1. Report yes if some residue within region 265-277 is under 20 Å from residue 301 (Cα atoms) and among the aromatic types (Phe, Trp, Tyr); otherwise report no.
2. Being at pLDDT 95 or above, of a type in the set (A, V, I, L, M, F, W, C) and surrounded by fewer than 22 Cβ atoms within 10 Å (Cβ to Cβ) is the filter here, so list the residues in region 225-253 that pass it.
3. Among the residues in region 98-120, are any without any contact (Cβ under 8 Å) to a residue 40 or more places away in the chain, closer than 17 Å to residue 180 by Cβ and open to solvent by 10 Å² or more (accessible area, probe 1.4 Å)?
Amino acid sequence: MYVVVCLTCAGAGVALGYYGMESAEPTAKKLSAGKGRETVSAISGSKPIKSVRSRHQVARAALEMAVRGETGALSELIEACAHDKDALELIAAVWLKKDPAAFAKAMAGACESSRRESLVMVLQNMMSSWGKAEPDAAWSAAEKFHGTLRRWVLNQLALGRMSRDAKTGLEFALGHQGILPPGPAGSFNGRRELVPLIQQLPDSAAKFQSLTRALKDVPLAEALTAVGHVPEYSNLHARRSIIRTAAKRSVEEVIAFHRTATGADRYAAAHAVGDVLVTKDPAAAVEWAKENMSGAIRNGIIATAAKALKSTDPAAAAAAEALLPEGFGK
């Protein structure tokens, strides 16, 4: 496994190839022989670390500190590069190979004290990479963070676990109170068997999206039965989304469902059918809206259908426009 980092300095182009820690020491020595030698002494304490100015110096300093296992000046090096995301990513790549826990601790301290967006982004990316290689170690480190940063990173690591193994990742998240992944994992797609686990997540947009993903392409009646009628945001929006998706797949299936549906499901089915018909059969959309819809949604479907009919059936377009309130859409 290796990481390749390319740096472009203001005064000259410097390419640094970093192939694991085995090659870090000779690379650091080579860099130390070049311009900016004073920075090495700056890291060791004879000069303020503020003298770290170029990415060439950052590269050399980060590598030498990593080779020596020197963590005391990490926070100062991070602060010196706080406005240079590329330099921060370089330091993260070096320390991810040597001592990710030390870097995570120093980076979290910098994030918590300054809240700079660049710092947070680099830390999150580094933690994701570490989480793929050593999920338990990364989790343990993130649990020591504080406040919002702790929650963000733990949620992100939980999502990473779900992406790699949906079932065990979900079980892990449910075993840690307060964890709410920022979105559904791609591995949820078409995994109906995950629904009972997903239903245990806190009510949220992520839960709604996860339910929708897990029931992708499942027949409408079967999908709605799996979701159930739990009275919460995620459930309501999941049912609406499933009905809309079914209408795009087979509008006839949703028309049949509408005949016996009640409450929010009936409203969602009427809207979904109208949205599909207005693009496939504008004349049918007008009739559907007249019979099954009301309010602004009804008027919007009719107005859109009338516009589509003008070029093919002006008389039908005029009749549709006559159904709209005076001045609608003007």
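The values are calculated or read from the model by the stated rules, or taken from the named source; none is laboratory data. Computed from a predicted structure; not experimentally measured. Ideal geometry is used to build each Cβ from the backbone, glycine not excepted, and the neighbour counts take in all protein chains shown. Keep in mind that these areas ignore ligands, DNA and RNA; they rest on the heavy atoms of the full protein, side chains included. Shrake-Rupley method; radii C 1.70, N 1.55, O 1.52, S 1.80 Å.
1. Yes - at least one qualifying residue is present in region 265-277.
2. 251
3. Scanning region 98-120, I find no residue that is without any contact (Cβ under 8 Å) to a residue 40 or more places away in the chain, closer than 17 Å to residue 180 by Cβ and open to solvent by 10 Å² or more (accessible area, probe 1.4 Å), so the answer is no.
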